[in-house]
1. Which residue out of 157, 194, 166, 220 is within 16 Å of the ligand (Cβ to nearest atom) and either in contact with a Lys or Arg (Cβ under 6 Å, 6 or more places away or on another chain) or not aromatic (Phe, Trp, Tyr) (or both)?
2. If you take the residues in the stretch 197-216 that are away from the ligand (no atom under 16 Å from the Cβ) and in contact with a Phe, Trp or Tyr (Cβ under 9 Å, 6 or more places away or on another chain), which one is farthest from residue 106 (Cα to Cα)?
3. With respect to residue 16, is the statement that it is among the hydrophobic types (A, V, I, L, M, F, W, C), over 17 Å from residue 245 (Cβ atoms), in contact with a strand residue (DSSP E or B) (Cβ under 9 Å, 6 or more places away or on another chain) and assigned to a strand (DSSP E or B) true?
4. Within the stretch 184-200, does at least one residue satisfy the condition of being open to solvent by 70 Å² or more (accessible area, probe 1.4 Å) and closer than 20 Å to residue 128 by Cβ?
5. Output the number of residues of the stretch 53-71 satisfying the condition of being open to solvent by less than 10 Å² (accessible area, probe 1.4 Å) and either outside any strand (DSSP E or B) or within 16 Å of the ligand (Cβ to nearest atom) (or both).
6. Mind checking whether some residue in the stretch 112-120 is within 16 Å of the ligand (Cβ to nearest atom), touching a Ser or Thr at 6+ places or on another chain (Cβ under 7 Å) and either within 15 Å of residue 162 (Cβ to Cβ) or touching a residue at least 12 places away in the same chain (Cβ under 8 Å) (or both)?
7. Can you find a residue that is of a type in the set (Asp, Glu), away from the ligand (no atom under 16 Å from the Cβ), over 24 Å from residue 223 (Cβ atoms) and open to solvent by 20 Å² or more (accessible area, probe 1.4 Å) anywhere in the stretch 129-138?
8. Could you grab the pairs with beta carbons closer than 9 Å, sequence gap of 6+ or different chains, first residue in the stretch 152-178 and open to solvent by 60 Å² or more (accessible area, probe 1.4 Å), second one at pLDDT below 95?
Amino acid sequence: MSVHQLKIGDIECAVLHEGESDLIAANLAQRYPGVSQAQIERALAGGAPSGSLNLPCISSGGTRILADVGFGAAGGPTAGNTEAALNSIGIGLADIDIVFLSHFHGDHIAGLALDENRMEFPRARFVTTQAEWDEWIGRWSASDAPGDQKNLERFTSLQDRFSFVSAGEEIAPGVTVVDLKGHTLGHAGLLLESGGERLLHVVDLLHQPFQFAHTNWHFSFDSDPELAEETRRNTLERCAAEGILTLFYHMPFPGLGQVSEEGGAFVWNPVA
Ligand SMILES: [Zn+2]
């Protein structure tokens, strides 16, 4: 397990490597409808697809935030390291004040929703957007699948501990919510700002390195593919124009780097 620690002004940020996911990295031609395996291989240009799961734990002004919880034990032998990674830097689940949920896909929430070996956060408040809550409570309610019913039961049992936030709201000093809707209807990220330094956590703005150059290749799990593409382009443009440090949930660990724009295409420049 790995942890990459950095400071954004006075804000401490530890990027935890939950592990690697085949669900993200395998069967890419099925994940990108309308794009052929040959196109994907050309776009990868000999590079490997990424299935990394990068979760930031953020401490600011005495508030400790875990942004998503990961697959937990549902991720198989290659994932599930969130709690161990936290423990390795002296943080227990009881030390988390806020669990921020960027969106309700399994690789971000399953560790919370399992029957067995699920992660309990005895003191935490759960924070997400109203649109995200509504989309998934609606989808799970309309489904008979056992996994969906389990999620529905778990999340409604936690409902009293949820608060809903909107873009621009500050959840801790210098930590504000950013609208990234499209991948899911309430998908949201976090902007960290302190002492003139900034980090933008864009979560699932894209899922593979080749989407920087091919922003119109839609990921099969996007709830609103057109909106996801528009948000992707606008956010990448902002990142490139402002030269801001960015964090991507699924880029190779630690998922930190800068976006630039070259000849009309976006380019990912990971930190060394
Ligand atoms: Zn994801």
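1. On the way: 157 fails: within 16 Å of the ligand (Cβ to nearest atom); 194 fails: within 16 Å of the ligand (Cβ to nearest atom); 166 fails: within 16 Å of the ligand (Cβ to nearest atom).
It is 220.
2. Residues of the stretch 197-216 that are away from the ligand (no atom under 16 Å from the Cβ), as a first pass: 197-200, 210, 212-216.
Next, only the ones that are in contact with a Phe, Trp or Tyr (Cβ under 9 Å, 6 or more places away or on another chain) stay: 210, 212-215.
Values: 210: 23, 212: 24, 213: 27, 214: 25, 215: 23 Å.
Selected residue: 213.
3. Details: among the hydrophobic types (A, V, I, L, M, F, W, C): yes; over 17 Å from residue 245 (Cβ atoms): yes; in contact with a strand residue (DSSP E or B) (Cβ under 9 Å, 6 or more places away or on another chain): yes; assigned to a strand (DSSP E or B): yes.
Taking the combined requirement at face value, the residue satisfies it.
4. yes
5. 9
6. From the stretch 112-120, those within 16 Å of the ligand (Cβ to nearest atom) are 112-113; that's our starting set.
Checking which are touching a Ser or Thr at 6+ places or on another chain (Cβ under 7 Å) leaves us with none.
The answer is no, given that none of the residues of the stretch 112-120 is within 16 Å of the ligand (Cβ to nearest atom), touching a Ser or Thr at 6+ places or on another chain (Cβ under 7 Å) and either within 15 Å of residue 162 (Cβ to Cβ) or touching a residue at least 12 places away in the same chain (Cβ under 8 Å) (or both).
7. Residues of the stretch 129-138 of a type in the set (Asp, Glu): 132, 134-135.
Filter again for away from the ligand (no atom under 16 Å from the Cβ), leaving 134.
Next, only the ones that are over 24 Å from residue 223 (Cβ atoms) stay: none.
The answer is no; no qualifying residue exists.
8. Partner pairs satisfying both residue conditions: 153/113.
The values are calculated or read from the model by the stated rules, or taken from the named source; none is laboratory data. Predicted, not measured: the structure shown is a model, and the values here were computed from it. Note that we place each Cβ from the backbone using ideal geometry, even for glycine, and neighbour counts take in every protein chain shown. Just the protein is used for accessible areas: all its heavy atoms, side chains included, with ligands, DNA and RNA removed. Shrake-Rupley method; radii C 1.70, N 1.55, O 1.52, S 1.80 Å.
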